[in-house]
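See structure below.
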Amino acid sequence: MIVCVAVVGHQNNPLYIQSFTEADDALKLHHIVHCSLDVVDERVNNPKKYGPTLNEPFLGLLYPTENYKVYGYLTNTKVKFIVVTTGLDVRDADVRNFFRRFHAAYVDAVSNPFHVPGKKITSRTFAERVSTIVKSFGLSSAG
Amino acid sequence: MGREVSESCVDSLLTEMVSSYCDRFYANKPELAARRIEAIGFQVGHQLSERYTMERPRFSDNLEAIKFICKDFWSELFKKQIDNLKTNHKGTFVLQDNRFRWLARMSIDPSSEDGDLSQDNSAPVTENKAAQATSMHLYFPCGIIRGALSNLGIPCAVSADISSLPACELLVMECIRLYLLSYAHCIAFISTARYSFFSQSRSSCMIIVIFHPCISERALRFR
């Protein structure tokens with residue numbers, strides 16, 4: 001189950017953060033996302049340790065905390081997608097699939113001529129698409 | 001998510017954009033018109049590069065990014081690849097397209113307005129007029145390339161040169177240290193790049209304008 005989704009720009013500026021839990025720990029999730037940015041930078045700048053996945057956008061599991069797992073994805077334009085899940089039965093293939101659909105939604109949101117690059121994404125269509133993708137992630141992995 | 005538009009609509013839009021900016025909005029200020037058109041191209045290139053790099057693995061260096069522009073990006077935009085890519089391995093690239101799609105339908109009336117030109121002079125003069133008239137149409141693709149490359153993390157300056165009408169050359173210069181150059185150094189840098197690259201070309205008209213935020217308006221008038 002995904003609890004938080006974030007899009008971070010290439011200067012580590014947040015472009016979109018959305019949490020999907022009813023609890024009030026949004027700040028804790030933001031903190032987890034922020035810490036995971038360091039891990040992304042380390043993965044990208046140290047190719048020797050993580051050889052085979054050097055040029056792939058999907059970075060895999062970044063780090064597990066006690067309740068959550070954090071997955072990362074780095075696009076060609078240095079935009080990072082971070083996903084925080086409660087990781088009991090999350091499969092790699094599902095996360096990849098999620099990131100693919102999320103990337104498509106992000107590209108459509110950025111292609112909006114009224115979107116200013118570097119500023120937050122304020123499109124409601126994007127928010128609705130993301131919540132649809134998040135909901136269907138939960139369903140497909142449970143089945 | 002894709003809807004299709006006919007190519008003639010795109011051609012008409014581009015022609016109208018250039019003519020509006022040059023004749024109506026900035027009628028006596030061609031440099032400003034060129035700057036605005038290039039800025040529009042920058043935004044378009046920025047967004048297109050997001051879309052067209054979606055399925056690809058990350059680029060390991062600048063040359064790969066330039067090759068992406070020459071092959072995949074150009075095929076998506078113009079249904080063909082760049083015909084020739086040259087580099088000096090120091091951050092400058094020349095992209096040559098022998099039949100640039102947006103110039104393919106342009107022609108210049110060869111008869112000149114003043115009738116006292118002799119036969120010997122007419123060929124280079126008409127080439128000059130052709131280049132001046134069509135150079136405004138090249139700022140948009142220059143902006144597209146600059147936007148795409150800057151989104152991939154490569155700040156650069158792009159300029160264009162027309163040798164014979166449907167063919168054009170685009171010069172991409174990475175400006176890693178450009179912000180440290182003073183105005184005088186900028187001019188020297190631009191001139192050496194010009195002469196080293198275009199000494200063999202047969203073009204009689206050199207119109208190179210470099211757009212970069214650190215270059216002042218005075219530099220733009222240096223041609």
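Rounded, prolate or oblate: which fits segment B:45-91 when a ≥ b ≥ c are the square roots of the eigenvalues of the alpha-carbon gyration tensor, with rounded for a/c under 1.5 and prolate only if a/b beats b/c?
Numbers: a/c = 2.13, a/b = 1.24, b/c = 1.72.
The shape class here is oblate.
If R₀ is 35 angstrom, what is the calculated FRET efficiency for the pair residue B:14 and residue B:56, using the beta carbon separation as r and rounding to 0.05?
About 0.80, to the nearest 0.05.
Restricting to DSSP loop positions (anything but H, G, I, E, B) with no more than 13 other Cβ atoms inside 10 Å of their own Cβ, which trypsin sites (Lys or Arg not before Pro) remain in segment B:1-63?
Details: sites: B:3, B:24, B:35, B:36, B:51, B:58; in loops: B:3, B:58.
When the trypsin sites (Lys or Arg not before Pro) of segment B:1-63 are filtered for loop state and at most 13 Cβ neighbours within 10 Å, B:3 remain.
Name the most mobile residue of A:39, A:116, A:83, meaning the one with the largest mean-square fluctuation, in a Gaussian network model of chain A with Cα contacts below 10 Å.
Its mean-square fluctuation being the largest, the pick is A:116.
Applying the Karplus parametrisation 6.51 cos²θ - 1.76 cosθ + 1.60 with θ = phi - 60° to the phi angles of segment A:73-85, what ³J(HN,Hα) value in whole Hz is obtained for each residue in order, glycine and proline being reported as x?
So the Karplus estimates, Gly and Pro as x, are 8, 10, 7, 5, 9, 6, 9, 10, 10, 10, 10, 10, 10 Hz.
Pop out the ³J(HN,Hα) list for segment B:134-150 in order, Karplus 6.51 cos²θ - 1.76 cosθ + 1.60 with θ = phi - 60°, rounded to Hz; leave Gly and Pro as x.
8, 5, 5, 6, 8, 5, 5, x, 4, x, 4, 5, 5, x, 5, 5, 6
Please turn the phi angles of segment B:76-85 into ³J(HN,Hα) values with the Karplus equation 6.51 cos²θ - 1.76 cosθ + 1.60 (θ = phi - 60°), one per residue in order, whole Hz, x for glycine and proline.
5, 7, 10, 6, 8, 9, 5, 7, 8, 10
How large is the accessible surface per residue of segment B:1-46, computed with a 1.4 Å probe and reported in Å² as a whole number? Before the final figure, lay out each step's value.
Values: 3060 Å² over 46 residues.
Value for segment B:1-46: 67 Å² per residue.
Amide H neighbours of residue B:175 under 5 Å, at least 5 residues apart or on other chains, H built in the peptide plane: list them.
So residue B:175 has HN proximity to B:156, B:157.
Would you calculate the separation in nanometres between label points at residue B:43 and residue A:104, each defined as 7 Å from the Cα along the Cα-to-beta-carbon direction?
2.7 nm
Can you list residues from other chains, or at least 5 along the same chain, whose modelled amide H is less than 5 Å from the amide H of residue B:108?
Distant-sequence amide H within range of residue B:108: zero hits.
Which value, in debye to the nearest 20, describes the size of the charge dipole of chain A about its Cα centre when Lys and Arg Cβ atoms bear +1, Asp and Glu Cβ atoms bear -1, and nothing else is charged?
Computed about the Cα centre, the dipole is about 420 debye.
State, as an integer percentage, the relative contact order of segment A:52-98 based on alpha-carbon contacts under 8 Å between residues 6 or more apart. Numbers along the way, then the final one.
Working: 56 pairs, mean separation 13.3, N = 47.
Averaging sequence separation for qualifying contacts and normalising by length gives 28 percent for segment A:52-98.
What residues qualify as long-range amide H neighbours of residue A:63, i.e. H under 5 Å apart, gap of 5 or more or another chain, H built at 1.01 Å from N?
A:70
Just need the relative contact order of chain A here, percent rounded to a whole number, with Cα pairs under 8 Å and 6+ apart. Walk me through the numbers on the way to the answer.
On the way: 183 pairs, mean separation 37.7, N = 143.
26 percent.
Shape call for chain A from the C-alpha gyration tensor, a ≥ b ≥ c root eigenvalues: rounded (a/c under 1.5), prolate (a/b greater than b/c) or oblate?
Rounded is the answer for chain A, as its axis ratio a/c remains below 1.5.
The values are calculated or read from the model by the stated rules, or taken from the named source; none is laboratory data. Model, not experiment: these values are computed from the prediction. Here the Cβ is made from the backbone with ideal geometry for all residues, glycine too, and neighbour counts use every protein chain on show. With ligands, DNA and RNA removed, areas are computed over all heavy atoms of the protein, side chains included. Shrake-Rupley method; radii C 1.70, N 1.55, O 1.52, S 1.80 Å.
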